[in-house]
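The block underneath contains the structure these notes are about, expressed in structure tokens.
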Amino acid sequence: MIRVHDLHASYEGEEILHGIDASFPEGKISVLMGPNGCGKSTTLRSMLRLVPHSSGTIELNGTPLSALSPQELAKNIAYLPQSRSVPDIAVKTLVMHGRFPYLSYPRRYRPEDHEKVRESLEWVGLTDLADRKMEQLSGGQRQKAYLAMALAQDTDVILMDEPTTFLDIRNQFELLDRSKQLAKQGKTVIMILHDFEAVLRYADHVVLLHNGHVLQEGGAEEVLRSGSVREAFQVTPVFHQGEDGLHCYVRQ
Amino acid sequence: MNSSNRSSTANRSITLIAAAAAFMLAAAVLNICLGASRISLVQLWEALLSGPGTSAASRILWYVRLPRTAACLLAGSGLAVSGTVIQKVLANNLASPGIIGVNAGAGLAVAVCSGLGMYSAWVIAGASFLGAMIATFVVVIVARKSNASRTTVVLGGVAVTACLNAVTETIIVLIPDAALANVDFRVGGFSAVNHARLLPAAILILASIILVCTLTNELDVLSLGDDTAHSLGLRVGRMRNGFLTLAALLAGATVSFAGILGFVGLIVPHIARRFIGNESGKLLPFCALLGAGFVTICDLAARLVFAPYEVSTGILLNFLGGPFFVWLLLKRKDKHTK
């Protein structure tokens with residue numbers, strides 16, 4: 001469980017977050033949503049201490065994140081950034097880097113590190129491509145490799161900044177299905193998503209941001225049906241009950 | 001995961017590193033034996049066993065060829081490893097100690113020392129390191145503050161290099177008696193090398209290479225990008241500065257005895273990556289061996305090709321490095337347009 005209280009943070013001298021209060025429960029997919037520039041990425045990056053916050057607290061299971069060393073933080077929170085480099089290394093080497101927080105100088109891998117990496121590669125379905133260069137993979141496969149690295153980190157929390165960007169529709173659903181499985185395993189999954197249909201289908205918990213404030217927090221359907229979405233995005237969500245469940249599309 | 005694939009990759013890396021070591025050794029033996037006066041392998045062996053003696057072969061070996069070859073090996077490995085580290089830390093394959101102004105910073109420091117009459121090898125090596133470090137951090141800080149693109153970083157380095165070289169040249173003109181006022185220093189070369197000048201630099205270079213080779217995991221994590229490296233628990237700023245300091249130390253120590261040798265730190269990492277890939281654990285030792293052999297072979301060619309005249313090794317390196325740099329730029333352009 002991550003709890004954010006009265007979080008203020010600035011970027012290049014301008015305050016972006018004006019007192020964010022939100023909770024992100026364990027075993028659930030929490031989605032941060034809101035229009036561009038509302039502070040979603042800044043909130044996510046604050047949880048990693050990539051953006052220093054001027055005031056407020058972020059607690060992980062009751063412990064302030066500020067009390068953790070970078071290594072301890074990395075053992076608790078993994079991160080899938082939106083823009084990732086395509087390093088000129090093998091997939092397995094990338095995934096091995098997920099074990100970095102567990103190694104002390106001179107960082108020699110132990111048998112349990114190899115085992116964890118093997119499990120992670122198997123879980124994302126990249127075992128057969130482990131020796132391939134990252135450059136040789138498709139966008140969806142690269143995303144899986146980074147996800148495997150995050151899994152090898154063996155953390156309770158995984159943060160994903162717009163993980164479906166640049167993925168085709170099949171890979172988007174595959175990634176979201178896998179995220180659902182991770183939540184079922186008890187992990188706290190926090191991601192930024194823009195697509196209302198995906199939010200309705202996959203999010204257990206939604207935090208809607210607008211102009212650096214939390215506009216509404218709650219279940220996906222509750223938040224999407226509220227007037228807050230119209231206020232934040234200037235669009236109207238329309239719901240349709242299909243045979244396979246509730247769907248949501250957007251009308252301007 | 002296919003374990004046979006893994007072991008064949010490991011075997012290939014070991015074979016390549018062994019081949020680079022053999023290349024370095026062969027280059028060293030050739031550089032010792034060939035020249036205006038030839039030394040046979042038998043004479044070499046006897047002279048090595050008996051230590052410094054009075055025979056011509058022994059004197060040539062111990063006071064000319066051995067220090068010169070050791071200098072080539074150290075300079076090659078130091079600059080190649082420095083270049084690899086700089087390219088990885090800045091995520092910029094066009095960067096190298098010669099191009100971003102590191103060598104020029106070290107060169108200026110050596111010029112200042114010589115101008116002030118400070119000829120202690122330790123003082124020159126230390127000043128050279130400081131000069132290299134200041135130039136490195138000026139380029140890197142300006143690049144970060146201005147969010148400069150990779151090419152702009154290189155152009156910034158070119159500007160810094162031009163300024164620093166202008167000051168160095170001015171010192172050389174104003175104080176012609178300074179020991180560095182020889183062509184070898186300004187373009188890089190090994191004709192003025194001696195044991196005393198080499199020792200402090202050798203200690204610094206070998207210690208730095210060993211240290212960098214124990215930090216290969218950190219270097220690879222750093223090259224994944226700041227956000228990913230931070231999320232893996234790496235203290236990004238501290239490690240980046242540490243690596244740049246080591247790169248400056250390697251380049252600075254080299255300049256203190258070899259002058260401003262260009263392009264080694266650019267050419268060798270590129271060739272090495274083509275053979276062994278980009279993982280630092282394999283790349284750095286391979287680069288160190290390949291760089292050592294490469295500079296030694298270049299020195300041999302510089303001494304033999306125009307015999308009885310001898311051109312500075314740096315001139316030969318510039319002949320190779322200039323076209324190589326243009327080729328790299330064209331390759332990048334192709335990549336962008338595809």
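Data overview
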quantity	calculated
Condition met for A:PRO52 (more than 8 Å from chain B (Cβ to nearest Cβ), exposed (fewer than 14 other Cβ atoms within 10 Å of the Cβ) and of a type outside the set (Gly, Ala, Ser))	yes
Index of the failed condition, B:VAL221 passing every other in (1) open to solvent by 10 Å² or more (accessible area, probe 1.4 Å); (2) within 14 Å of chain A (Cβ to nearest Cβ); (3) in contact with a helix residue (DSSP H, G or I) (Cβ under 8 Å, 6 or more places away or on another chain)	(1)
Top-ranked residue in segment B:76-120 [being over 23 Å from B:ARG240 (Cα atoms) and of a type in the set (A, V, I, L, M, F, W, C); ranked as most open to solvent (accessible area, probe 1.4 Å)]	B:LEU116
Residue count for segment A:225-241, restricted to those that are surrounded by 15 or more Cβ atoms within 10 Å (Cβ to Cβ) and touching a Phe, Trp or Tyr at 6+ places or on another chain (Cβ under 6 Å)	1
Inter-residue pairs, beta-carbon under 9 Å, first touching a residue at least 40 places away in the same chain (Cβ under 8 Å) and in segment B:305-324, second open to solvent by 80 Å² or more (accessible area, probe 1.4 Å), 6+ apart	B:ALA307/B:ALA36; B:PRO308/B:ALA36; B:GLU310/B:ALA36; B:SER312/B:VAL183; B:SER312/B:ARG186; B:GLY314/B:VAL183; B:GLY314/B:ARG186; B:ILE315/B:VAL183
Filtered residue count, segment A:64-81, keeping only those that are surrounded by fewer than 16 Cβ atoms within 10 Å (Cβ to Cβ) and either in contact with a Pro (Cβ under 7 Å, 6 or more places away or on another chain) or more than 9 Å from chain B (Cβ to nearest Cβ) (or both)	3
Qualifying positions in segment A:45-92 - of a type outside the set (Lys, Arg), part of a helix (DSSP H, G or I) and within 17 Å of B:ARG235 (Cβ to Cβ)	A:LEU65, A:SER66, A:ALA67, A:PRO70, A:GLN71, A:GLU72, A:LEU73, A:ALA74, A:ASN76
Complete set of residues in segment A:94-152 that are closer than 20 Å to A:THR165 by Cα, more than 20 Å from the chain's Cα centre (by Cα) and part of a helix (DSSP H, G or I)	A:MET134, A:GLU135, A:GLN136
Filter pass, B:ALA18 being modelled with pLDDT of 95 or more, in a helix (DSSP H, G or I) and of a type in the set (A, V, I, L, M)	yes
Segment A:199-224, subset open to solvent by 70 Å² or more (accessible area, probe 1.4 Å) and within 26 Å of A:ARG178 (Cα to Cα), residue nearest to the chain's Cα centre (by Cα)	A:ARG201
Given (1) in contact (Cβ under 8 Å) with a residue 60 or more places away in the chain; (2) small (Gly, Ala, Ser); (3) open to solvent by 40 Å² or more (accessible area, probe 1.4 Å), index of the condition B:SER55 fails	(1)
Boolean, B:ILE134 is surrounded by fewer than 16 Cβ atoms within 10 Å (Cβ to Cβ), within 22 Å of B:GLY242 (Cα to Cα) and more than 15 Å from the chain's Cα centre (by Cα)	no
Segment B:258-280 residues that are in a loop (DSSP other than H, G, I, E, B), paired with ones that are of a type in the set (Ser, Thr, Tyr) (beta carbon under 6 Å, 6 or more apart)	B:GLU279/A:THR93
Test set (1) surrounded by fewer than 21 Cβ atoms within 10 Å (Cβ to Cβ); (2) more than 14 Å from every other protein chain (Cβ to nearest Cβ); (3) touching a helix residue (DSSP H, G or I) at 6+ places or on another chain (Cβ under 8 Å) - B:LEU211 fails condition number	(2)
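The values are calculated or read from the model by the stated rules, or taken from the named source; none is laboratory data. Since the structure is predicted, the reported quantities are computational estimates derived from the model, not experimental observations. Here the Cβ is made from the backbone with ideal geometry for all residues, glycine too, and neighbour counts use every protein chain on show. SASA here: full protein model, heavy atoms, side chains in, ligands and nucleic acids out. Shrake-Rupley method; radii C 1.70, N 1.55, O 1.52, S 1.80 Å.
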